[in-house]
Structures are given as C-alpha cells and as structure tokens.
Number of protein chains: 2
Amino acid sequence: MSLVATPKDRAALGAFYRRVLLDDVIPFWLRHGLDREHGGMLTCLDRDGALLDTDKSIWFQGRAAWMFATLWLTVERRGEWLDAARSCVEFLRRHGHGPEGKMWFSVTRDGRPLRMRRYVYSEAFAAIAFAAWARATGDERAAEEARRAFETYLRTSFEPGVMTPKFEPTRPSKGVGSLMIGIVTAQELREHLGDAPVGGRAPTEWIDGFIGEIERDFLKREHRALMETVAPDGSVLDHIDGRTLNPGHAIECAWFVLEEARRRRDARMASLGVEILDGMWERGWDPVHGGLLYFTDLLGRPVQEYWHDMKFWWPHCEAIIATLMAWRMTGEDRHAVRHRLVHEWSFRHFPDPEHGEWFGYLHRDGTVSQGAKGNLFKGPFHLPRMLWMGMRLMEGR
Amino acid sequence: MSLVATPKDRAALGAFYRRVLLDDVIPFWLRHGLDREHGGMLTCLDRDGALLDTDKSIWFQGRAAWMFATLWLTVERRGEWLDAARSCVEFLRRHGHGPEGKMWFSVTRDGRPLRMRRYVYSEAFAAIAFAAWARATGDERAAEEARRAFETYLRTSFEPGVMTPKFEPTRPSKGVGSLMIGIVTAQELREHLGDAPVGGRAPTEWIDGFIGEIERDFLKREHRALMETVAPDGSVLDHIDGRTLNPGHAIECAWFVLEEARRRRDARMASLGVEILDGMWERGWDPVHGGLLYFTDLLGRPVQEYWHDMKFWWPHCEAIIATLMAWRMTGEDRHAVRHRLVHEWSFRHFPDPEHGEWFGYLHRDGTVSQGAKGNLFKGPFHLPRMLWMGMRLMEGR
C-alpha cells in the first residue's frame, strides 16, 4: 500500500527523488533559466524552456540562490551550483533594493525596478539566500545581509503601522502567511548563522512566538481547520475572504511545525503539526478527481477566487513533504497512504514527458491548463525543495 | 441558421430576452439582493439567493441604480424599479465617498468603508446611476452628482500623476479599460443630461477622443487584435502582461463603438467597431468547447492568469450584444451566425435551471466551477443589460 514500507522501498523512493532533482529539474533551470548575460535567474519560461518574458521576480533571485547554495552545502560540491547561487546573490545585491531599503517585487532583465508590493516576501527569500550563501562561502557580509533582510521582514510584517494597509481599519485582520514564512526563515537563519538574536530575539524565540500564535489564533479545532485570515483576536471573520481556506498553504505550515518538532524532539509540537495536516488534508483532497483543491470554504460555501478548484504544482509538493515527514515521525499508516496518494497523483499529472520539469497549472480533472514551466511565481523552488527534502527524509536525515 | 432571419424570429427573440429579464433576472435581484434593512444592493448571493457575505461593492450600487432607473425609463413605470434605484442612489450618497471625494471600492452592509482602490470605476458607475436617476426623477442634485463623478473619473484616469501608480516609471503603459468605460459613461451622460461640457469638453468630444485613441494606439491591424495594454505611444509591450488579450472586454468595446456609430450614422466608425469585433471573436471563440476564452496571448503563447481558459458570464453577455448589434447595422450573415453560436452556448450553459439567474463561472468545458449567483464583481448588470439591449434591438430600437 505505501511507497515506504521496507528499507528497500525507502531507498528506491529516495533514489527516485534524487534522480528527478539532479537529472531533470535542476538541469532545466541551469540550462534555460540562469541568465548568463545579466546574472540572476529568469523564470518566465515556456514549456521547452524558451523565454516568455525577460522580467525577473526578486523572490526568485533569493529562492534560487537558496536552493543552489543548499544543494552545494548538502548534496555535492558542484561548482555550477555555487556559480548559480553566486549569480543570484549578486543580482540581489545590485538590483534587489528600493530607495528606502525595501526590496522590489519585480525588475527588468538588467535590474531596473518594475514593481514594489506592500508585503515583504522578497526580503524573507533574500534572508535565506544570504544565510545559505554565507554558510557556503564564509562571506561575513552575506551573514549581515541575511540578518538585515530578516529584520526588515519582521518589522514590516509585525510592527503595527509599517506595512501599507490594503483595507480600511473598519475590519482589522491578520494572515497566517507572515507567521509561516517567519518560521521557515528563522529556521534557515538558525541553521546557517546560529541562534544569536536578530531583530531583538533569537530565531528560536521567534519560532516559538509564531507557532504559538498560529495555534492560538488560526487553528480552529472545532472545525479541524487552519484559517488563512482571522481577526486580530483570532476570531473567525464570517465573510467570503475570512472563510477561505488554502489547504496546500496550511499543509506547508504543518511541515514547518513538524520540522521544528523533529529538531527539538518535542512531541506536543509534533502532534500540533499532525493535527494541522490531518484536518487540512481532509479539507483539501479532491474526492472526485484526486489532487489538492486550491481553496475551499470553512463552511462549504462557494469560494470567490476563480481558480479555487484548479490543481497547482506547489500544494502537491508541500503535501508530499508533509505526509512523508509525518510518516517518518509517527510511523502511522495514514500518512504513508496519503503520501502515496499525493505522490502518485502528482507524478502522473504534473511532469512534462517531453521537455522535463513540471507543469504548474492543471484543471480540476488533472488536464493541463497552461503549459509554461515558469512565471514570476513558479521557478526553481517548491519542486526542487520537495525533491531535496524527500530524498533526505528517505536517507534518514 | 440564424435566430434573426425573419420578422417572426426577431419578435420571438426579443420576447425571449424580455421574458428572461422581467420574469427571472430582475425578480431574483429584487427578491434576494435589495437590502430592505440598510438600503442598497447586496450581491454576494449563493445559488439560491442566500447571503454569502454582507459586504457591498460601491460599483454595484451605481450599476444597479442605473439598471433599475433605465428599466423604469425605457420599459415600464414600475414603482418597485424606481424604489430599487432610489435605494441604491441613496446608499451611494450616504456611504459612497471617501474623505477626499474619491469613492470606495467596498463597504460593510451598513456602509462603513472597507477598501479604497487606485482606479475609479466606482465613480464611472455612480455617474451613470446619478444621470439616469436625474432623468427619471428630475432631481437636479443628481445631475450635478453625475457630472462631478464623471469629472473625478476623467481627472483620475487621464491626468498624469493623479492615479496612484501600480508600477515604477521604468516601463510606462496605459490600458484600454479607462477609454472604454469613458465612452459608455459619456454616452449615458449625454443621453440623460445632454451634451453640455463636463470636465472641460462635451461628452461627444470625450467620446471622439477615446475612440480615436483606441483606434490609433490599441488596435493592431497587422494582428487583427485590440490590445488591453500598450506603451504610451501605442507600441506593443512584448511581455506577458503586454501580450495578454481579453477578447470579451474588446468585444464589449466593439459595441460601445458600434452604438456611437449607429447614433451618428457614421459608416467609418461602424466599420471600426466591426473590425474590432471580427478580430477578437476569432481570437476568443474556443474552437474546442465553444464559448469565449477569458484571456489569450497576442502571439499564441501561454497566458499567466490562472483563469485564462474559463468561461465567464460577462464576456458572453457582451458578445451577444455586439454580434446582434453588428448584424442589425450591417445585415451581414456572419454576425447572425456568431450571435446564434454565442446565444445558444450561453443559454445552454449559464442559466441555473433550479433557482434562476445565471451561474458566473464555468470551466473551459462548460461545467460549473462555482455556483454562487454573485460576488463583489457579479450582480445585476451585465446579464440584465444584455437582455435589455437584446430586447430593444429586436424591437427596432
């Protein structure tokens, strides 16, 4: 029933993830995405790798630098990986920052600014990029840049009044996204730079705070649901936006919590991660066509976002990691069964048999909606991170 | 082959549109949408009319007021229509405006502000609402409110530096949307308040300017395409956003131009409208499943917006109007054939056989993606306007 029943199964699964990562996905992005002219990573690529748009997302300079530096640190000392990471790090340094230090959302191929957004995920991804780069190369300046980017992230996300508000103060709300990304960013900083304070607290303290707030304000045990958005006091906002759940996002959150629990050998924290995963798997898994629905409604009502029932690549990547990690930590069958379900659904529908890598956007029934390999939001991150995590989990790490 | 071949066919089609409008669509919104407690129109309604969200869009207070006042002016003097229009006009007056006179995008049920957006479509819809209301009731204050709303629309849309920019100045662009909505808003003001200057020019002069700019900068004859976004000098921006076409939107623009041509008996202008319609029909009509695709790419490349191949109700409404009007004006068969195609596809897939009105959001293959009757963007506008226009066109008006 599962792909992880015997040591031999596990070795085969790990070898499979390694092969897809190193022979398919990473070569695709090195060949087609790495910008040998202006540096950095181009992600708007067609099915065959042809360039659809020269614009670059700043998110992806950080995400790609992190991925390549991490491969160099944990898999093999391949020069081309370190070079790719360097190219993205240098692009970030030259072109990442706006006049007041906040980072751009997108820039032209040669780094001229196109768009600034309210939120600060560019900063979170830059922080993990600089941290991994500092660890890989001993570059002290990068360590400082990582801390500074995380400080901007923390200040803009959590200090009242810093982020430009999207809504009027009539109905205040807060999102789970900044807490989740706070966890994984703090984890990476601690991994590479140690647990010394950043923005006034040790990364471990930040993580405690984020997980505490998620459990207290976003987890609704009576609904078996993790909310995306709640009122500042954690109450449910019974409006379309307030009821909208993002199962893949919550499942990603679940494994950030599981990862922390595993590192600390904290059984209570582990059971919190499993609780989020169990509830949101039940809400997200499509009983008709399989795969994970993008959005669902807390009360089962219609969802307003047009792509609510599409199947995106990234929630499937996150669910493969989460189910595999939950199985590794608990040994409980349901996680192995779910891992097999989402692994098999994903590898049946997302890979492009002709040009490699994964399609990103499928209809509910699993047919391809559009065949491009990337855009400003899809590039070398969720898929290679999943393959890398899967490989390592099966290697016992 | 067509639904309009004989006078008897045309009478039957007109009667059909009238019946759906007066026996199904308008009663649905009066029964479920009209807010008898706080006034104005609620649009976030489930399939059966149950309230999904109490938030109100300011767009829809104007759109609904315009629709109900227009029915009162042109179809019958029904008191419940005038009452509905009054309720929305009064809600707009009480709760529509932010501190600096710009109108909100959304408010709570009782009118407290939720969101301000950069753009000014709330103002355009308020302008046509106040204009029709002034005509229906002789309310001089409303005529002045209509002019003021249109002035805000014009200043914010076209005076450089007034609208908060979304992008940095690196790659300037302009959209066809403000010109299109400018045309139809000026037409309504002229219809109800005459052609006296507003914002420094007569409505007819504004319309001349808008149509001229659309033809000069947005129509690409070599591609048989009307662009959504171009550089300020009209050149194509060869990036994903710049190449993205919205066939339903362009087809709506086509009938705004045809309407103007018909009023002026201007053959050159009529052929411009037909040219836009012909080109964008060919680009939008789905050869596989029928219906109109939401977005396509100028060069046939993948489109980034996730819902690019979904079938939304409103482009179908606009295409029914445009093809019928083009047929009425030219007598050419291809328009009658296309009208029949889009009419039959729409009435086969969008109506809800159980609770009436139309579903808004279908998958590419015509199956329902989500069954709600409304949200902040769908309410009593595109569908009743199409039925009203179709009925009048078949009655020879």
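Just one of the numbered conditions (1) open to solvent by less than 10 Å² (accessible area, probe 1.4 Å); (2) over 18 Å from the mean Cα position of the chain (by Cα) is not true of A:Thr170: (1).
So, B:Arg19, is that one out of contact with any Pro (no Cβ under 6 Å at 6 or more places or on another chain), open to solvent by 50 Å² or more (accessible area, probe 1.4 Å), within 14 Å of another protein chain (Cβ to nearest Cβ) and among the basic types (Lys, Arg) or not?
Values: out of contact with any Pro (no Cβ under 6 Å at 6 or more places or on another chain): yes; open to solvent by 50 Å² or more (accessible area, probe 1.4 Å): yes; within 14 Å of another protein chain (Cβ to nearest Cβ): no; among the basic types (Lys, Arg): yes.
Taking the combined requirement at face value, the residue does not satisfy it.
Within the range B:311-356, being of a type in the set (A, V, I, L, M) and farther than 23 Å from B:Phe381 by Cβ holds for B:Met329, B:Ala336, B:Val337, B:Leu341.
Of all residues in the range A:1-15, those that are in a helix (DSSP H, G or I), open to solvent by less than 60 Å² (accessible area, probe 1.4 Å) and not aliphatic (A, V, I, L, M) total 2. Filtered by the rule that a residue be among the aliphatic types (A, V, I, L, M) and surrounded by 15 or more Cβ atoms within 10 Å (Cβ to Cβ), the range A:182-198 gives A:Ile183, A:Val184, A:Ala186, A:Leu189, A:Leu193, A:Val198.
Answer yes or no as to whether B:Asp48 is open to solvent by 10 Å² or more (accessible area, probe 1.4 Å), under 21 Å from B:Pro351 (Cβ atoms) and outside any helix (DSSP H, G or I).
Values: open to solvent by 10 Å² or more (accessible area, probe 1.4 Å): yes; under 21 Å from B:Pro351 (Cβ atoms): yes; outside any helix (DSSP H, G or I): yes.
Yes, satisfied.
Residues of the range A:99-109 that are open to solvent by 10 Å² or more (accessible area, probe 1.4 Å) and either under 20 Å from A:Ala142 (Cβ atoms) or at pLDDT below 95 (or both): A:Pro99, A:Glu100, A:Gly101, A:Lys102, A:Trp104.
With respect to being more than 18 Å from B:Gly212 (Cβ to Cβ), touching a His at 6+ places or on another chain (Cβ under 9 Å) and in a loop (DSSP other than H, G, I, E, B), B:Arg171 fits the description.
Would a scan of the range A:225-236 turn up a residue that is under 23 Å from A:Pro172 (Cβ atoms), in contact with a Lys or Arg (Cβ under 9 Å, 6 or more places away or on another chain), of a type outside the set (A, V, I, L, M, F, W, C) and without any contact (Cβ under 8 Å) to a residue 24 or more places away in the chain? Yes, the range A:225-236 has at least one match. Looking only at the range B:127-159, residues that are among the hydrophobic types (A, V, I, L, M, F, W, C) and touching a strand residue (DSSP E or B) at 6+ places or on another chain (Cβ under 6 Å) come to 1 in all. Among the criteria (1) more than 14 Å from chain A (Cβ to nearest Cβ); (2) under 20 Å from the mean Cα position of the chain (by Cα); (3) over 30 Å from B:Gly396 (Cα atoms), the one B:Cys44 does not fulfil is (1).
When restricted to residues that are in contact with a Lys or Arg (Cβ under 9 Å, 6 or more places away or on another chain) and closer than 23 Å to A:Thr164 by Cα, the range B:154-197 contains 9. Screening B:Arg112, B:Arg135, B:Arg141, B:Arg86 for residues that are at pLDDT 95 or above, open to solvent by 40 Å² or more (accessible area, probe 1.4 Å) and within 20 Å of B:Ala186 (Cβ to Cβ) leaves exactly one candidate, B:Arg135. The number of residues in the range B:53-89 being outside any helix (DSSP H, G or I) and either touching a residue at least 40 places away in the same chain (Cβ under 8 Å) or touching a Cys at 6+ places or on another chain (Cβ under 6 Å) (or both) comes to 6. Scan the range A:97-144 residue by residue and report those that are part of a strand (DSSP E or B) and out of contact with any Asp or Glu (no Cβ under 9 Å at 6 or more places or on another chain). A:His97 - this is the single residue of the range A:97-144 that is part of a strand (DSSP E or B) and out of contact with any Asp or Glu (no Cβ under 9 Å at 6 or more places or on another chain).
Quick one: which residue in A:Arg94, A:Arg36 is part of a helix (DSSP H, G or I), of a type in the set (D, E, K, R) and free of Cβ contacts under 8 Å to residues at least 60 places away in the same chain?
Numbers: A:Arg36 fails: part of a helix (DSSP H, G or I).
Result of the check over A:Arg94, A:Arg36: A:Arg94.
Can you confirm whether the range B:144-167 contains a residue that is open to solvent by 30 Å² or more (accessible area, probe 1.4 Å) and among the aromatic types (Phe, Trp, Tyr)? Yes, the conditions are met somewhere in the range B:144-167.
Residues checked against (1) touching a helix residue (DSSP H, G or I) at 6+ places or on another chain (Cβ under 8 Å); (2) surrounded by 19 or more Cβ atoms within 10 Å (Cβ to Cβ); (3) among the aromatic types (Phe, Trp, Tyr); (4) away from chain A (no Cβ under 14 Å):
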{"position": "B:Trp29", "(1), (2), (3), (4)": "yes, yes, yes, yes"}
{"position": "B:Asp35", "(1), (2), (3), (4)": "yes, no, no, yes"}
{"position": "B:Gln61", "(1), (2), (3), (4)": "yes, yes, no, yes"}
{"position": "B:Gly79", "(1), (2), (3), (4)": "no, no, no, yes"}
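Summed over the range B:165-180, residues that are within 23 Å of B:Trp206 (Cβ to Cβ) and of a type in the set (Ser, Thr, Tyr) total 2. Does any residue of the range A:32-40 turn out to be among the basic types (Lys, Arg) and farther than 27 Å from A:Thr323 by Cα? Scanning the range A:32-40 turns up at least one residue that is among the basic types (Lys, Arg) and farther than 27 Å from A:Thr323 by Cα.
For (1) of a type outside the set (Gly, Ala, Ser); (2) within 13 Å of chain A (Cβ to nearest Cβ); (3) over 30 Å from A:Gly98 (Cβ atoms), each residue gets a yes or a no:
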position: B:Gly96; (1), (2), (3): no, no, yes
position: B:Lys102; (1), (2), (3): yes, yes, no
position: B:Asp110; (1), (2), (3): yes, yes, yes
position: B:Glu123; (1), (2), (3): yes, no, yes
position: B:Ala129; (1), (2), (3): no, no, yes
position: B:Thr156; (1), (2), (3): yes, no, no
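Sub-6 Å Cβ pairs linking a first residue in the range B:164-185 that is within 14 Å of chain A (Cβ to nearest Cβ) to a second residue that is open to solvent by 30 Å² or more (accessible area, probe 1.4 Å) and in a loop (DSSP other than H, G, I, E, B), at least 6 apart or interchain, are B:Thr164/B:Arg118; B:Thr170/A:Arg112; B:Pro172/B:Pro232, ordered by first then second residue.
The values are calculated or read from the model by the stated rules, or taken from the named source; none is laboratory data. Keep in mind the model is a prediction, meaning the values are calculated, not measured. Reconstructed Cβ throughout: ideal geometry from the backbone, glycine too, with neighbour counts over all protein chains shown. Heavy atoms of the whole protein, side chains included, go into the accessibility calculation; ligands, DNA and RNA do not. Shrake-Rupley method; radii C 1.70, N 1.55, O 1.52, S 1.80 Å.
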